[in-house]
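Here's the structure, in structure tokens; my notes come after.
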2 protein chains.
Amino acid sequence: MKQVVELLRTHAIQPSAQRVAVANYVLVTKEHPTAEQVFHAVTATFPTLSRATVYNTLHLFVKKGLLKQFALTEGVLVFDPHVEPHHHFVDDETGAIVDIPWDRIRVEGADDLPGIDVRDFQVVVRGKRQRRRTTNKAT
Amino acid sequence: MKQVVELLRTHAIQPSAQRVAVANYVLVTKEHPTAEQVFHAVTATFPTLSRATVYNTLHLFVKKGLLKQFALTEGVLVFDPHVEPHHHFVDDETGAIVDIPWDRIRVEGADDLPGIDVRDFQVVVRGKRQRRRTTNKAT
DNA sequence: TCGAAAGTCTTGACGTCGTCCAACTTTGGA
DNA sequence: TCCAAAGTTGGACGACGTCAAGACTTTCGA
């Protein structure tokens with residue numbers, strides 16, 4: 001709680017009650033929530049929060065570097081508090097998005113493309129999870 | 001466009017007038033149009049074509065393997081008649097999507113992830129195009 | 001030729017996602 | 001305290017996409 005306020009301040013963001021509420025959800029989650037998921041999750045405990053404020057706040061956080069924004073699945077933006085470079089796996093069956101550590105995949109040549117100033121890149125892997133072995137958690 | 005009719009037939013698709021009209025745009029373009037762009041482009045010459053038919057037709061083409069579908073930029077699906085594996089570059093400034101040949105980037109380890117049946121993967125590169133000399137590169 | 005069945009298309013309603021704007025409230029500095 | 005700036009709200013709006021019902025077409029057998 002306190003550390004979120006500090007975090008906002010160090011990023012030159014006024015820690016209003018609404019922003020702290022959004023931050024406490026979206027900066028802590030391990031999921032990759034959509035804006036609507038953030039809206040529903042936060043209004044559960046902060047009912048007067050408006051949709052516009054959620055969108056304003058998320059965009060502000062992106063601009064300030066607290067979040068990254070992706071469009072990996074069908075037509076909705078997701079937000080990711082994990083801002084260091086990493087790759088993503090998208091489960092075809094559920095749409096779930098899972099982080100893949102940067103070192104797990106080696107990429108050569110992506111930052112050296114003619115005529116392009118590369119800002120960043122990532123590998124997007126699609127497929128399905130194997131449920132048979134390798135799980136100690138039954139679904 | 002006889003060859004489009006043939007192409008549809010060989011993919012077990014009834015070549016109705018509407019489908020041929022959509023195919024003549026979306027299977028020929030080098031762009032990565034959204035469904036709405038397809039709708040507007042095709043209705044320009046086929047005014048009675050309905051939105052639902054465009055969506056139905058695009059999904060049918062995807063199911064039959066004539067198109068691929070991506071969600072790379074802000075919240076809209078794009079369709080790509082280039083169905084062989086390749087990578088993509090997204091221009092931050094314009095949102096334009098450009099194909100990158102598969103051989104241009106080498107990726108190791110993406111198809112060997114524990115617990116995942118990989119269907120396909122691609123590298124998504126973001127940045128901006130160099131228009132002239134890049135002296136004034138801020139950030 | 002006729003009629004039925006299957007396939008295809010259209011209309012219009014609907015839901016979601018996201019933006020915009022004008023009005024209101026809160027904050028912080030002088 | 002007062003005022004301006006910053007932040008928030010609700011509602012309207014538009015883009016995107018889906019769905020169901022009915023109409024229209026094509027096919028095909030009798």
Please work out how much accessible surface A:H11 shows to a 1.4 Å probe, ignoring ligands, DNA and RNA, in Å² rounded to 10.
60 Å²
If you roll a 1.4 angstrom probe over the protein chains with everything in place, what fraction of the accessible area of region B:6-125 belongs to carbon and sulfur, to the nearest %?
52 percent
Let me spell out the model: positive unit charges on the Cβ of Lys and Arg, negative unit charges on the Cβ of Asp and Glu, origin at the Cα centre of chain A. What dipole size does that give, in debye rounded to 20?
560 debye
A:D103, A:D92, ranked by accessible area, largest first (probe 1.4 Å):
A:D103, A:D92
Report the relative contact order of chain A, percent, no decimals, based on alpha-carbon pairs under 8 angstrom and at least 6 residues apart.
18 percent
Based on DSSP loop calls and a cut-off of at most 16 other Cβ atoms within 10 Å, the longest stretch of chain B free of exposed trypsin sites (Lys or Arg not before Pro) is what?
B:65-130
Counting other chain Cβ atoms within 10 Å of each Cβ in A:111-118 and taking the mean gives 5
Could you let me know the centre-to-centre spacing of region B:11-83 and region A:80-135, using Cα atoms, in angstrom?
28 Å
Treating only Lys and Arg (+1) and Asp and Glu (-1) as charged, each at its beta carbon, one finds that the protein assembly as shown has a dipole about its Cα centre, in Debye to the nearest 20, of 360 debye
Per-q log10 I(q)/I(0), region B:2-69, q = 0.28 Å⁻¹ (Debye; single scatterer per alpha-carbon; no solvent):
-1.49
I'd like to check one number: the per residue accessible area of region A:2-65, probe 1.4 Å, reported in Å² as a whole number.
58 Å²
Calculate log10 I(q)/I(0) of the protein assembly as shown for q = 0.08, 0.09 Å⁻¹, where I(q) comes from the Debye formula with a single equal point scatterer on each Cα and nothing for solvent.
-0.43, -0.54
Find, among the GluC sites (Glu not before Pro) in region A:31-113, those assigned to loop by DSSP (not H, G, I, E, B) with at most 14 other beta-carbon atoms within 10 angstrom.
A:E74, A:E93
Once both axes come from the Cα atoms, what is the angle between helix B:51-63 and the longest principal axis of chain B, in degrees from 0 to 90, rounded to 10?
70 degrees
Gaussian network model of chain A, springs between alpha carbon atoms under 10 Å - residue of A:A110, A:A35, A:A52 with greatest fluctuation:
A:A110
Label-reachable residues, region B:100-129, where backbone N falls under 15 Å from a point 7 Å from A:E93's Cα toward its Cβ
B:115-119
Find the lysine pairs in chain A meeting two conditions, Cα atoms under 29 Å apart and a separation of 8 or more places or different chains, and report how many there are.
11
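Based on the Cβ-Cβ distance from B:R9 to A:V28, what FRET efficiency comes out when R0 is 45 Å, to the nearest 0.05?
Numbers: r = 55 Å, r/R0 = 1.22.
In this case the efficiency is close to 0.25.
The values are calculated or read from the model by the stated rules, or taken from the named source; none is laboratory data. Every value quoted in this text rests on a predicted model; they were computed, and no experiment measured them. All Cβ positions, glycine included, derive from the backbone under ideal geometry; neighbour counts span all protein chains shown. Note: areas computed on protein heavy atoms with side chains; ligands, DNA, RNA excluded. Shrake-Rupley method; radii C 1.70, N 1.55, O 1.52, S 1.80 Å.
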